[in-house]
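The values are calculated or read from the model by the stated rules, or taken from the named source; none is laboratory data. Being a predicted model, the structure only gives us computed values, none of them experimental. Backbone-built Cβ (ideal geometry, glycine too); neighbour counts: all protein chains shown. For the accessible areas, the whole protein counts, side chains as well, though only heavy atoms, and no ligand, DNA or RNA atoms are used. Shrake-Rupley method; radii C 1.70, N 1.55, O 1.52, S 1.80 Å.
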Amino acid sequence: MHELVAFVRVVESGSFSAAARRHGQTPSAVSRQVARLEQAMGVCLLQRTTRQLRLTEAGLEVLERGREMVAAAQASLQVAEGHVGTPKGLVRISAPKAFSRHVLQPALLDFLQRFPEVDVHMLVVDRSVDPLREGVDLVIRLTDDPPQGMVARALMPVRQLVLASPTYLSSHPPVSAPEDLMAHSCLAIGEQERDSRWRFVRGDDEVEVAVAGRYTVNHSEMRLAAVEAGLGVGCVPDFVAEDALKAGRVVRLLPEWAFDTNYQGLAHLLYSASRYTAPKVRALIDHLVATLSRPGSRRGEPG
């Protein structure tokens, strides 16, 4: 490739000397590179005279292809520079639906304002995403056991809170222990069979109660709306329930008990354990870690 570049430079510069001066080499070194190219191809590319250089017929064809290859190489270098310089280009990220809307969306909008040369493709799904197979740069997953072979940056804890509306509680028996829920209408998630068995932990104590109710829905915002409407007791992620709790539209029940479920854990930012991380990806990683796990931020505090 070096010999082909030297040949193109000689032709474009008009002489071996001009090409050598332009690129910091000696004329003899440039001449040897072109000679090696001719020897490798088995054809004469340049007719050398004391006054000028003339391209042979073969030289004209090689020059055309050579220019294309040099241009492609330069374009590749420009792409590579985008991976080691200023953050720019497209970053693909995936996260669960409720987390994306309530937590990730504000952080991404702020990031797009701060980095105008970076684009973001957001994949909002509740299923497990394989970043390598699906071409995703970053994955946010709620888990206490991050997968091996990937870098896992902890962002924030996510907990399910047991809630009811003041109106509902005013006309139903009080809830002072997990067992009291068996006398209430409870809104389950309904994705797995065990979703109708609520498990609570307090220190060394563990309690599991079977619950039932009139409404089952696997959408956290719809479940919260049903709780606010007085349909019963429901479990909702803390970041979804935050505004309703502050406004007093719902009340948290059994706060001394931890509601143990598969739908909570530590939100991790997962990405490939590669030696090199593109600036565009690194910029988004740093932004999300700083924004979502910042000490004292509402996203990092217990709900």
Picked from region 96-118 (must be in contact with a helix residue (DSSP H, G or I) (Cβ under 8 Å, 6 or more places away or on another chain) and among the small types (Gly, Ala, Ser)), the residue nearest to Arg141 (Cα to Cα) is Ala98
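Could you list, in sequence order, all residues of region 198-233 that are hydrophobic (A, V, I, L, M, F, W, C) and touching a residue at least 60 places away in the same chain (Cβ under 8 Å)? Spell out the reasoning first.
So the first thing to find is which residues in region 198-233 are hydrophobic (A, V, I, L, M, F, W, C), and the list is 198, 200-201, 207, 209-212, 217, 222, 224-227, 229, 231, 233.
Within region 198-233, Trp198, Phe200, Leu224, Val227, Ala229, Leu231, Val233 qualify.
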Failed criterion for Thr143 (all others in (1) in contact with a Lys or Arg (Cβ under 7 Å, 6 or more places away or on another chain); (2) in the same structural domain as Ala278 (by the TED database); (3) among the polar types (S, T, N, Q) hold): (1)
Matching option when the condition is open to solvent by 30 Å² or more (accessible area, probe 1.4 Å) and either assigned to a loop (DSSP other than H, G, I, E, B) or at pLDDT below 80 (or both), among Gln78, Gln105: Gln78
Wholly within region 1-51, helices (runs of 4 or more DSSP H) carrying at least 3 residues that are open to solvent by 80 Å² or more (accessible area, probe 1.4 Å) and farther than 15 Å from Arg65 by Cβ: 27-41
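Conditions (1) out of contact with any Gly (no Cβ under 8 Å at 6 or more places or on another chain); (2) open to solvent by 20 Å² or more (accessible area, probe 1.4 Å); (3) without any contact (Cβ under 8 Å) to a residue 24 or more places away in the chain, marked per residue:
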position: Thr261; (1), (2), (3): yes, yes, no
position: Gln264; (1), (2), (3): yes, yes, no
position: Leu288; (1), (2), (3): yes, no, no
position: Leu292; (1), (2), (3): no, no, no
Of the residues in region 208-232, those that are open to solvent by less than 60 Å² (accessible area, probe 1.4 Å) and outside any helix (DSSP H, G or I) number 7
Is it the case that some residue within region 233-245 is of a type outside the set (Phe, Trp, Tyr) and either more than 32 Å from the chain's Cα centre (by Cα) or in a loop (DSSP other than H, G, I, E, B) (or both)? yes
I'd like to know if region 269-280 contains one or more residues that are in a helix (DSSP H, G or I) and out of contact with any Ser or Thr (no Cβ under 6 Å at 6 or more places or on another chain). yes
State all residues of region 12-27 that are in contact (Cβ under 8 Å) with a residue 12 or more places away in the chain and hydroxyl-bearing (Ser, Thr, Tyr); if no residue qualifies, say none. Ser15
